[in-house]
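To keep things clear, I will list the structure first and then write my remarks on it.
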Amino acid sequence: MSELSNNRSPMAAVPRRQRGPVFRRLRGVAVAPESAVFVVLLLLSVGMAIGSPNFATEFNLQNVGRQTSALAVLCAGVLFVLLVGGIDLSIAGVIGLAAVVAARLAQSMPPTEAFLLAVLVATGIGLLNGLLIALGGLSPIVVTLAMGQALIGVALLLSPNGPIQVSNPAYGDLAAAKIGPVPTLVVAAVVCLVLAHLLLRRFSLGRYIYSVGGNEKAAWLAGVPTRPVKLTAYAIGGMFAGIAGILLSSRTGSGEATQGTTIMLEAYAAVFIGGVGFGTGRGTVVGVALGALVLGVIGNGIDLLGIDGNWQYIVSGGLIILAISLARVAETLKRRHA
Amino acid sequence: MTAAPPVLVLEEVAKSFSGVRALNDVSLRIERNECCALVGANGAGKSTLINVACGAVQPDSGVLIVGGEETSIRSPHMAIDLGIATVHQHNQLVPNLTAAENLSLGRENTKAAGLLRKPTAESLAALELVGLGDRADDLVEVMTLAERQLLAIARAVSLQPRLLILDEPTAALTPNETRYLVEVIERVRKAGTSLLYVTHRLQELEEVADRIAVMRDGRVVAERPPETPEAELVELIAGKGIVAHDEELVDRRRRRALDRRGTGSAEAILVAREVTDREGAFSDVSFELQPGEVLGVVGLPDAGVVQLVETLAGARRPAKGTIEVAGVRLRGRSPREAARRGIGYLAGDRARRGVIPNASVAETVALSSLSRMTRIGFIPGRRVAAQGERLLAQCQVNAADPSVPVVALSGGNQQKALFARVLATEPRVVVCEDPTAGVDVAGRESIYGLVSELCESGGAVVWTGSDLREIATVCDRALVLWRGTLVADLQREELDERTLMLAQFRRNVTTSQSVTRQDHPRGEYV
């Protein structure tokens, strides 16, 4: 989308009124669902800054960043799978397994290598999901739900004495360290998000992913290798879930099999708040990152204001319904306009 | 004269779709207890007429009289209330319910608190009438096509309509099944229901119909008794022979033909040998396509044209036979593979099989050629943009800005953008299905121009579509399929709308090039 919008149209003599690429671009940004999420985030943050003196402090913002990093990375993975019209419910299991594998391996090797291997395992599981779904033609919901169950079982078997505490202090460095004032966790998340964004926007894979989500049949007829594309989307989903798993594990300094269950639901909440459609091939990395931040700020706000933490679920549930209702209204308005 | 008023009268009903007249002041009356057959070529307006009668489409003007009372049919539901039941070609049965459950779907007979009752005697009687009395508890998904057709008829009959509309009920049936269906129709009529029977198969009419109405160009042009000879009907359907009228196009075509002759026997660009479909839609089709040629492929809906074209485009793998593009064999794996071998595919049904709704115009144009432009998957933005601009200009796509969604364009511009997408892969052969459907006149002209350009630069085109006049104008040659068999290969000199029409119905096209086959692989019901 963005590559061409800077260039002048070849139709010099189009009678329709034209208003410069800058205007069009701005208008495009204004009507994007991401803008609505951004406004929500802004309002929330301003509200919090007014409501609590502790919100806009360096320490607290670092905290929000740390809390949101793993979620944002996970959201990027979920985005890839949702864009090809699929769903991945195994990510809870993938996170648990990645955390346990990393923690176990870190007892006998440097944490970096342990992290790498854990992410590799997670990617492999994503690939397996993809094989079963894209090539085997199995239902994504059923396959990934079953896979998630099984993986939690494997993770539990790998940690027979409960959560594995890693003795090597370097294991927690990823979470604890900072680059300047920015926590490494945030840096890691940003790197992942930028990577995801580039993959979707600048690589043919991304174009193919969007086209499969938009109209799989038409994409296939147009020469898109739809099955490999879906397979890759699941593999990438698994990879990001694995990265999210090691980020979480590094933060707690331990590997716990059931670490992923809550964050999976949060991730789906965040992507839907971030404007991703279910089976429409719509959604962007920017949107899901903003969605994750909205949830992060809400969670943080609930802590700071001393509200019962369980309210967080109710608020995020309400926000999802609000978000998809708004998207629906916008769609109806657009259709009426056309 | 008759005591009872006719069940349905249409007076000067007109309907246009985006400027194209589908019904042109059509008038038709269906008497009580009558079976009126409706025949006509593709695009003659039969479907629109059915849709008006069953409430799916609202006419622009005209009068509808049902059972003597002037009325308007605003919805399918209302049509049923007025006593007009329709069995569509692709009947809407729920496969995972039983025959009896389908029969009463939407009108379930319930006790208090919504508990279902056993099927009533009447609903079972409807099944009995079509001969499915013993299949009441069978799931629809285990039934044959013919049984489903019968069930759909039973369902319509159980609404106790005064008029039953059947849209191509025999299209998918074998001769024996057809014969049985004709009996069932006779029974339905004896039970006091009038019928409007729409078909392409003229052979059945003598047994089924009391009267045959022929549609052409959106109106009923003739009404004939059932014993009318088939040849006469085909003449009526085809109308006066219309010679290609677009002089410029014809001119270009002629020049191309001369060029080809000048260069001697050019190597065939596409060779199909004894290609046979997996599902039996066509068999043993062989032909060659020369560079610079536009080859039309025509046939009635059950002729296998769509399947053959999909096979050529790589979207359908044949059971046997070979297709070669410039000497390289097509494996029939996917349209992607076909595109790599030099076949571009402009699929029909733009909305469902062409356009990707979340893509911009620029993205649409680039999609098929991305893999040949990317470097390790990375899209070179400038090159892609330059290619896009060039192709959009070449195809005269009227888009103010290539970054707008492709669905925001008009039908014609969408189609041109899709054509640009095909051209981006630099194809040797372009296979197109009804490329001018829903395209305005100007858009059609540019598509014809693109086809000509492609041919002049040594490519070739396979063209299908329902508009025979267009095919007669655009194509250099045309293959005619009849129930899956290649029955005629019409050369330039004999190519006109009328010959095409006659050939579709397999009426003596007495030319040297006609292929005559005695051993027809599928059942004969002629």
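The values are calculated or read from the model by the stated rules, or taken from the named source; none is laboratory data. Please read all numbers here as calculations on a predicted model, not as lab measurements. Here the Cβ is made from the backbone with ideal geometry for all residues, glycine too, and neighbour counts use every protein chain on show.
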> Which is without any contact (Cβ under 8 Å) to a residue 40 or more places away in the chain and either within 14 Å of chain B (Cβ to nearest Cβ) or in a helix (DSSP H, G or I) (or both), of A:332, A:280?
Replying inline: A:332
> Got a sec? Which of B:354, B:327, B:348, B:342 is farther than 18 Å from residue B:282 by Cβ and touching a helix residue (DSSP H, G or I) at 6+ places or on another chain (Cβ under 9 Å)?
Replying inline: B:354
>> If a residue must be over 22 Å from residue B:410 (Cα atoms), of a type in the set (Ser, Thr, Tyr) and within 20 Å of the chain's Cα centre (by Cα), how many such residues does the range B:15-57 contain?
In response: 2
>> As an exercise: evaluate residue B:77 against (1) within 30 Å of residue B:28 (Cβ to Cβ); (2) touching a helix residue (DSSP H, G or I) at 6+ places or on another chain (Cβ under 6 Å); (3) free of Cβ contacts under 8 Å to residues at least 60 places away in the same chain and give the number of the one condition it does not meet.
In response: (2)
> Out of the residues in the range B:399-425 that are facing chain A (nearest Cβ under 10 Å), surrounded by fewer than 19 Cβ atoms within 10 Å (Cβ to Cβ) and of a type outside the set (Val, Ile, Thr), which is nearest to residue B:439 (Cα to Cα)?
Replying inline: B:408
> Picking from A:185, A:248, A:198, which residue would you name as being within 11 Å of chain B (Cβ to nearest Cβ) and part of a helix (DSSP H, G or I)?
Replying inline: A:198
>> Of everything in the range B:310-351, what is touching a residue at least 60 places away in the same chain (Cβ under 8 Å), in contact with a Lys or Arg (Cβ under 9 Å, 6 or more places away or on another chain) and either at positive phi or more than 11 Å from chain A (Cβ to nearest Cβ) (or both)? Give them in sequence order.
In response: B:325, B:326, B:342
> Do any residues in the range B:355-370 that are touching a residue at least 12 places away in the same chain (Cβ under 8 Å) and more than 7 Å from every other protein chain (Cβ to nearest Cβ) have Cβ atoms under 8 Å from those of residues that are of a type in the set (Val, Ile, Thr) and in a helix (DSSP H, G or I), where the two are at least six apart or on different chains, and which pairs are they?
Replying inline: B:361/B:406; B:364/B:406; B:366/B:384
>> Condition check: more than 14 Å from chain A (Cβ to nearest Cβ), under 14 Å from residue B:460 (Cβ atoms), at pLDDT 95 or above and crowded, with 23+ Cβ neighbours inside 10 Å. Does residue B:285 satisfy that?
In response: no
> Among B:449, B:459, which is the only one that is surrounded by fewer than 18 Cβ atoms within 10 Å (Cβ to Cβ) and assigned by TED's automatic domain parsing to the domain that holds residue B:329?
Replying inline: B:449
>> Would you confirm whether or not the range B:382-390 contains a residue that is over 30 Å from the mean Cα position of the chain (by Cα), modelled with pLDDT under 95, within 18 Å of residue B:426 (Cβ to Cβ) and more than 9 Å from chain A (Cβ to nearest Cβ)?
In response: yes
> Would it be correct to say that residue A:70 is within 19 Å of the chain's Cα centre (by Cα) and either charged (D, E, K, R) or within 17 Å of residue A:159 (Cβ to Cβ) (or both)?
Replying inline: no
>> Can you find a residue that is assigned to a loop (DSSP other than H, G, I, E, B) and either among the aliphatic types (A, V, I, L, M) or under 23 Å from residue B:500 (Cβ atoms) (or both) anywhere in the range B:451-462?
In response: no
>> Take the conditions assigned to a helix (DSSP H, G or I) and under 30 Å from residue B:43 (Cα atoms) and apply them to residue B:438. Does it pass?
In response: no
>> Quick check on the range B:142-150. Is at least one of its residues in contact (Cβ under 8 Å) with a residue 60 or more places away in the chain, in the same structural domain as residue B:47 (by TED's automatic domain parsing) and closer than 26 Å to residue B:201 by Cα?
In response: yes
> Out of A:323, A:327, which single residue is within 14 Å of chain B (Cβ to nearest Cβ), under 30 Å from residue A:67 (Cα atoms), in contact (Cβ under 8 Å) with a residue 40 or more places away in the chain and surrounded by 12 or more Cβ atoms within 10 Å (Cβ to Cβ)?
Replying inline: A:327
